[in-house]
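Below is one structure, written out as structure tokens; the observations come after it.
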Amino acid sequence: MMNAKQYEESLRKLKLVVYLFGKKIDNVVDDPIIRPSMNAVAATYELAEKPEYAEIMTAASHLTGKKINRFTHIHQSAHDLVMKSKMGRLLGAHTACCFQRCVGCDAMNALSIVTYDIDKKMGTGYHKRLQDYVRYVQENDLVCDGAMTDPKGDRGLPPHLQKDPDLFLHVVEERKDGIVVRGAKAHQTGAVNSHEIIVMPTLALREEDKDYAVAFALPSDAEGIIYIIGRQSCDTRKLEEGMIDRGNQIFGGHEALVIFENVFVPWERVFMYREYQFAGTLVEKFAAYHRQSYACKVGVGDVLIGATQTIAEYNGAEKASHVKDKIIEMNQLNETLYCGSIACASEGFKEPSGTYSVNTLLANVHKQNVTRFPFEIARLAQDIAGGLMVTLPSEADFRSPEVGKWIEKYCQGRADVPTEQRLRILRLIENLTLGTAAVGYLTESMHGAGSPQAQRIMIARLVDMEAKKKRAKKLSGIEE
Ligand code: SF4
Ligand code: FE
């Protein structure tokens, strides 16, 4: 296993092609905008080294028996899945942002199920390839970006009917030694902090779309891959001199638009090629795992609740009954989210490949709650924090020899709490509910791992409505 420092050094060796604010950046690791997101991934290495988190953060590889980081593990039991949920909460609370490493883990696990199923039905040899790949990732303790979401163009049209065929990533050439692909993947969490990128189709496909039914893995710096970093609200605060206005002093996340401009993939890295019948299952398996992974937001919620209680105390308002009640409400919502992630994990079951799947219905119910509860928790945090959170002068003014004294005087709360502490906690709440971290806590909660409607469709499909009707009819004496 790598430690955090070794991880950072390993990123320096990559030759990524990255653009940010219209410029190509050569040093991703030290870029002030990207650095906090690297810190968050580094935490997945750092905590794995701590003996007190060993059970949560590490596992024994089913391929080699060696101790590995849980983010590279193929789940072998429901206990493994429960530990994965706990790991999400732990790291969410440690970083208060998206720590990015779950997507690759979810991609490998989904592929470990589906490659086995494809081989069974089609006589292909994908599962062995995937296992070799997983072994490589485990032995080198790598971060994998899991790339599913295509740009999608006209949402009313399937891939092959799009005016521009590249709006879904597809195979453009078959060679003796591999395939060539073109297209893009959008919203890629942690893309430039990854050693590898695992690509999967974005939706269920028909035969006409079989060139789009492709899954593969590549080193993140493979020739032809280009990263364009997404903007986040308040991102340029990271370029400012002071630290207070950032809110979160250490961690952050990033997303990128990843372009695949005629990229070659050798056969040994291809895990699905034109088996369009399995694209839908792969999407569903990945989505279920990633919906479980949204235990991360429970951890971020822990931080936001802690910040809210702190500001209530700094304001001298913590004893007001409505404040106490609102904080209870925040906790109840946050723990309800935790229940969902733990439940879908504990009801995990063994797939034919031996990999453990989460309970798909419960994973979808959990993620549906995640599209709502963080918004309510954030609303209550803003209610308790008060308007100063958004009208507060800058740190530069606070430090100013001319006006700083007035900020010190008029922005204070309780007399025994230094004004600076009040400013710091307000900035953290701002960061989590409006700033760079709101990307992860709110919009990503809405759209990450599939937008709300995607879960509702799955819930409708997975509930056993006939059984429910039968019970109701029996008890009311209806005979049909
Ligand atoms: Fe992991 Fe959560 Fe970030 Fe998804 S949003 S990659 S589940 S931390
Ligand atoms: Fe996400």
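The values are calculated or read from the model by the stated rules, or taken from the named source; none is laboratory data. In this text the structure is predicted, and so the values were computed from the model without any measurement. Glycine also receives a Cβ, built like all others from the backbone with ideal geometry; neighbour counts cover every protein chain displayed. The accessibility values were calculated without ligands, DNA or RNA, using every heavy atom of the protein model including side chains. Shrake-Rupley method; radii C 1.70, N 1.55, O 1.52, S 1.80 Å.
Just give me the residues in region 85-128 being away from ligand 1 (no atom under 16 Å from the Cβ), open to solvent by 10 Å² or more (accessible area, probe 1.4 Å) and in a helix (DSSP H, G or I), in sequence order. Spell out how you get there, then give the answer.
Looking only at region 85-128, we keep the residues that are away from ligand 1 (no atom under 16 Å from the Cβ), and these are 111-128.
Next, from what is left, pick out any that are open to solvent by 10 Å² or more (accessible area, probe 1.4 Å): 116-117, 119-128.
Selection gives 116, 117, 119, 120, 121, 122, 126, 127, 128.
So which pairs qualify, if the first residue must be in region 237-260 and among the β-branched types (Val, Ile, Thr), the second must be open to solvent by 30 Å² or more (accessible area, probe 1.4 Å), the Cβ gap must be under 7 Å, and the two must be at least 6 apart or on different chains?
Once the first residue is among the β-branched types (Val, Ile, Thr) and sits in region 237-260, its partners that are open to solvent by 30 Å² or more (accessible area, probe 1.4 Å) give 244/424; 250/39; 259/226.
Just checking, does region 245-255 include any residue being closer than 30 Å to residue 375 by Cβ, within 15 Å of ligand 1 (Cβ to nearest atom), charged (D, E, K, R) and in the same structural domain as residue 140 (by TED's automatic domain parsing)?
Yes, because at least one residue in region 245-255 is closer than 30 Å to residue 375 by Cβ, within 15 Å of ligand 1 (Cβ to nearest atom), charged (D, E, K, R) and in the same structural domain as residue 140 (by TED's automatic domain parsing).
Return yes or no: is residue 82 open to solvent by less than 40 Å² (accessible area, probe 1.4 Å) and either more than 8 Å from ligand 1 (Cβ to nearest atom) or free of Cβ contacts under 8 Å to residues at least 60 places away in the same chain (or both)?
Values: open to solvent by less than 40 Å² (accessible area, probe 1.4 Å): yes; either more than 8 Å from ligand 1 (Cβ to nearest atom) or free of Cβ contacts under 8 Å to residues at least 60 places away in the same chain (or both): yes.
Answer is yes for this residue.
Just checking, how many residues over region 139-162 are surrounded by fewer than 24 Cβ atoms within 10 Å (Cβ to Cβ) and touching a strand residue (DSSP E or B) at 6+ places or on another chain (Cβ under 7 Å)?
Here is the first cut: in region 139-162, the residues surrounded by fewer than 24 Cβ atoms within 10 Å (Cβ to Cβ) are 139-142, 149-158, 160-162.
From the residues that got through so far, the ones that are touching a strand residue (DSSP E or B) at 6+ places or on another chain (Cβ under 7 Å) too are 141-142, 149-151.
Residues meeting the conditions: 5.
Just name the residue that is least open to solvent (accessible area, probe 1.4 Å) out of those in region 9-34 that are without any contact (Cβ under 8 Å) to a residue 24 or more places away in the chain and assigned to a helix (DSSP H, G or I).
Here the residue is 9.
Do we find that residue 467 is within 30 Å of residue 103 (Cβ to Cβ) and assigned to a helix (DSSP H, G or I) in this structure? Talk me through it step by step, then tell me what you get.
Working: within 30 Å of residue 103 (Cβ to Cβ): no; assigned to a helix (DSSP H, G or I): yes.
So residue 467 does not fit the description; no.
Being surrounded by 23 or more Cβ atoms within 10 Å (Cβ to Cβ), closer than 16 Å to residue 110 by Cβ and modelled with pLDDT of 95 or more: is that true of residue 256 here?
Values: surrounded by 23 or more Cβ atoms within 10 Å (Cβ to Cβ): yes; closer than 16 Å to residue 110 by Cβ: no; modelled with pLDDT of 95 or more: yes.
Taking the combined requirement at face value, the residue does not satisfy it.
Identify, from the list 119, 106, 145, the residue that is in contact with a His (Cβ under 6 Å, 6 or more places away or on another chain), within 16 Å of ligand 2 (Cβ to nearest atom) and assigned by TED's automatic domain parsing to the domain that holds residue 219. Let's see the steps before the verdict.
Working: 119 fails: within 16 Å of ligand 2 (Cβ to nearest atom); 145 fails: in contact with a His (Cβ under 6 Å, 6 or more places away or on another chain).
Criteria check complete, one pass: 106.
Take the residues of region 302-343 that are within 24 Å of residue 435 (Cβ to Cβ) and either among the acidic types (Asp, Glu) or within 15 Å of the chain's Cα centre (by Cα) (or both): which is nearest to ligand 2 (Cβ to nearest atom)?
Taking region 302-343 as the starting set, the residues that turn out to be within 24 Å of residue 435 (Cβ to Cβ) are 302-315, 317, 323, 326-327, 329-331, 333-334, 337.
Okay, now just the ones that are also either among the acidic types (Asp, Glu) or within 15 Å of the chain's Cα centre (by Cα) (or both), so 302, 313, 329.
Working: 302: 18, 313: 32, 329: 25 Å.
Of everything passing the filter in region 302-343, 302 is nearest to ligand 2 (Cβ to nearest atom).
Looking for something within 16 Å of ligand 2 (Cβ to nearest atom), open to solvent by 50 Å² or more (accessible area, probe 1.4 Å) and in contact with a Gly (Cβ under 8 Å, 6 or more places away or on another chain) - is there at least one such residue anywhere in region 181-188? Let's see the steps before the verdict.
Let us first name the residues in region 181-188 that are within 16 Å of ligand 2 (Cβ to nearest atom), namely 185-188.
Filter once more, keeping what is open to solvent by 50 Å² or more (accessible area, probe 1.4 Å): 187.
Checking which are in contact with a Gly (Cβ under 8 Å, 6 or more places away or on another chain) leaves us with 187.
Yes, region 181-188 contains at least one residue that is within 16 Å of ligand 2 (Cβ to nearest atom), open to solvent by 50 Å² or more (accessible area, probe 1.4 Å) and in contact with a Gly (Cβ under 8 Å, 6 or more places away or on another chain).
Of all the helices (runs of 4 or more DSSP H) wholly in region 394-446, which have at least 2 residues that are free of Cβ contacts under 8 Å to residues at least 40 places away in the same chain?
So the answer is 404-410.
Would you check which residues across region 447-464 are within 16 Å of ligand 1 (Cβ to nearest atom), open to solvent by less than 20 Å² (accessible area, probe 1.4 Å) and assigned to a helix (DSSP H, G or I) and list them?
Residue satisfying the conditions is 455 alone.
Does residue 443 satisfy the condition of being open to solvent by 50 Å² or more (accessible area, probe 1.4 Å), within 16 Å of ligand 2 (Cβ to nearest atom) and not small (Gly, Ala, Ser)? Working first, answer last.
Values: open to solvent by 50 Å² or more (accessible area, probe 1.4 Å): yes; within 16 Å of ligand 2 (Cβ to nearest atom): yes; not small (Gly, Ala, Ser): yes.
Against the criterion (open to solvent by 50 Å² or more (accessible area, probe 1.4 Å), within 16 Å of ligand 2 (Cβ to nearest atom) and not small (Gly, Ala, Ser)), residue 443 qualifies.
For region 191-227, enumerate the residues that are in contact with a helix residue (DSSP H, G or I) (Cβ under 6 Å, 6 or more places away or on another chain), open to solvent by less than 10 Å² (accessible area, probe 1.4 Å) and in a loop (DSSP other than H, G, I, E, B).
Selection gives 200, 201, 213.
Output the qualifying pairs, or none if there are none: Cβ atoms under 8 angstrom, residues six or more apart or on different chains, first residue in region 43-66 and at negative phi, second residue among the aromatic types (Phe, Trp, Tyr).
From residues that are at negative phi, the pairs are 43/99; 43/251; 44/71; 44/99; 45/7; 47/53.
Matching residues to (1) closer than 18 Å to residue 252 by Cα; (2) surrounded by fewer than 17 Cβ atoms within 10 Å (Cβ to Cβ); (3) out of contact with any Leu (no Cβ under 8 Å at 6 or more places or on another chain):
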{"residue": "373", "(1), (2), (3)": "no, no, no"}
{"residue": "379", "(1), (2), (3)": "no, yes, yes"}
{"residue": "385", "(1), (2), (3)": "no, no, no"}
{"residue": "390", "(1), (2), (3)": "no, yes, no"}
{"residue": "413", "(1), (2), (3)": "no, no, yes"}
